1. Which of the residues that make up the range 356-410 are at positive phi and at pLDDT below 90?
2. Within the range 397-407, can one find any residue that is in contact (Cβ under 8 Å) with a residue 40 or more places away in the chain and over 30 Å from Thr95 (Cβ atoms)?
3. Mind checking which residues of the range 62-109 are in a strand (DSSP E or B), in contact with a helix residue (DSSP H, G or I) (Cβ under 9 Å, 6 or more places away or on another chain) and polar (S, T, N, Q)?
4. Quick one: what pairs do we get from the range 364-378, first residue free of Cβ contacts under 8 Å to residues at least 24 places away in the same chain, second surrounded by 16 or more Cβ atoms within 10 Å (Cβ to Cβ) and not basic (Lys, Arg), C-beta under 6 Å, 6+ apart or different chains?
5. Looking at (1) crowded, with 18+ Cβ neighbours inside 10 Å; (2) touching a Ser or Thr at 6+ places or on another chain (Cβ under 8 Å), which one does Gln25 not meet, given that it meets all the others?
6. If you scan the range 115-127, which residues turn out to be of a type outside the set (A, V, I, L, M) and within 13 Å of Pro9 (Cβ to Cβ)?
7. Can you run down the residue pairs with Cβ atoms below 7 Å, 6 or more apart or on separate chains, where the first is in the range 193-214 and in contact (Cβ under 8 Å) with a residue 12 or more places away in the chain and the partner is in a loop (DSSP other than H, G, I, E, B) and aliphatic (A, V, I, L, M)?
8. With the requirement that a residue be in contact with a Leu (Cβ under 9 Å, 6 or more places away or on another chain) and of a type in the set (Asp, Glu), what does the range 298-337 give you?
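The values are calculated or read from the model by the stated rules, or taken from the named source; none is laboratory data. Every value quoted in this text rests on a predicted model; they were computed, and no experiment measured them. Ideal geometry is used to build each Cβ from the backbone, glycine not excepted, and the neighbour counts take in all protein chains shown.
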Amino acid sequence: MAQVNTESPYSRFGMGELAGKGFEQNRAMGGIGLGLRNNNQINYLNPASYTAQDTLSFLFNFGIKSSFTTYETSNESKSLRNLTMDHLALGFPITKWWKTSFGVMPFSSVGYSVLESRFLENNDAVDYIFNGNGGINQLYLGTSFNIFKGLSVGANFTYLFGSLDLSKQIYFPYKSDYAVTRVENNIIVHDFLYHLGIQYQQTFADQYTLTLGAIYDLKTNINAENHITKKNQFNGTAYQLNDSVLLLTQLILEEEHYDGIIEFPYKIGAGFTFGYINKLLVGFDYYEQDWTNALFFDHKEPLSASNAMHLGLEFTPDPTAMRGYYNRIHYRAGAHYENLYLKLNNEQLTDYGISFGAGFPLRNTRSSFNFACEVGKRGTIENNLIKENYVFLSFNVTLHDFWFLKRRYD
């Protein structure tokens, strides 16, 4: 989790670049999950889905993720890539009507390095350097219950923890006797979020299934700490003026530490899936969340109302085939369009793309290997902004086992 998960300059604002779209099955299908139920996969996007798991089964899910991103302005571009652990999750039953899951994964990521060069009125050259790294992780515990046939409710209790390290400095490249002024901002987050979910599934003519799902994330004030240090850094090394006086090259101008809150607005989402005898599944999700009035330590960030649409499908030629391994492979595809929660230079940032992937069942087991590829664009080169063209590749292994079986021998 300590590795860099993003290189996006947009991660400077708000909570950074928000993670999402679930695990590999969700991502390959455009990020859908609100109406998705699968007894062999963990779907934390809607906690009500945990009841789809078999009563005696245990699921272990581990995934990694890599990204290839090109950042473009109106006159230059740069390509970067990274690889990181993505998630670790477990799912298992408590009773026939009560299932649970827990895991750890990123919630948001910060990673950027921006250099802005200018000339002052006296023609002195000055560089403004902005750096950021870190991120917020989430440890979730989810539970779900069967209320009656077809209807399930659930909740995820999520603990957020981590830090965002942001810094900016002023540097005069042609003035060696000038100090470098640096401001360091360290934000530490540690608090809980709460997510509620509901699903209803109905079967028609023994061949078709319709699943409706919805989620509601409660509005929450997250406790956080803010450590600010302002200092001047001079060239050279420390100098011992006399026996009692040491001249340092670093001068602390101000240090400040205070506690505050970060406001998380409520989030709603609704979606559905429609299936045909375990061969074909199509689904759609829609989300809304308004960050316009959210406060970060009593001040506003350039945030706006966000909404997102996700569309996905899965096709399995013959899930019960005894021959022809390709018949049991789950082929997946999808698309998404999102108005992000950032609004910069009066421009609402968008993110859109397509995705595809597959689930490969391991022979003679219900375990599987899954991969997803997402190709898309975020941002724009208009209004002096940056466009990001990205390719995300992610892989996971879902291990399935049976628990609490009573063995009998002749």
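1. Selection gives Asn364, Asn383, Asn384, Phe404.
2. Within the range 397-407, not a single residue is in contact (Cβ under 8 Å) with a residue 40 or more places away in the chain and over 30 Å from Thr95 (Cβ atoms).
3. Thr100, Ser101, Ser108, Ser109
4. Listed pairs, sorted by first residue: Val375/Gly353.
5. It fails just one condition, (2).
6. To start, the set of residues in the range 115-127 that are of a type outside the set (A, V, I, L, M) comprises 116-119, 121-124, 127.
Glu116, the sole residue that qualifies.
7. Tyr194/Leu218; Gln207/Ile277; Gly213/Leu34; Ala214/Leu34
8. Glu301, Glu314
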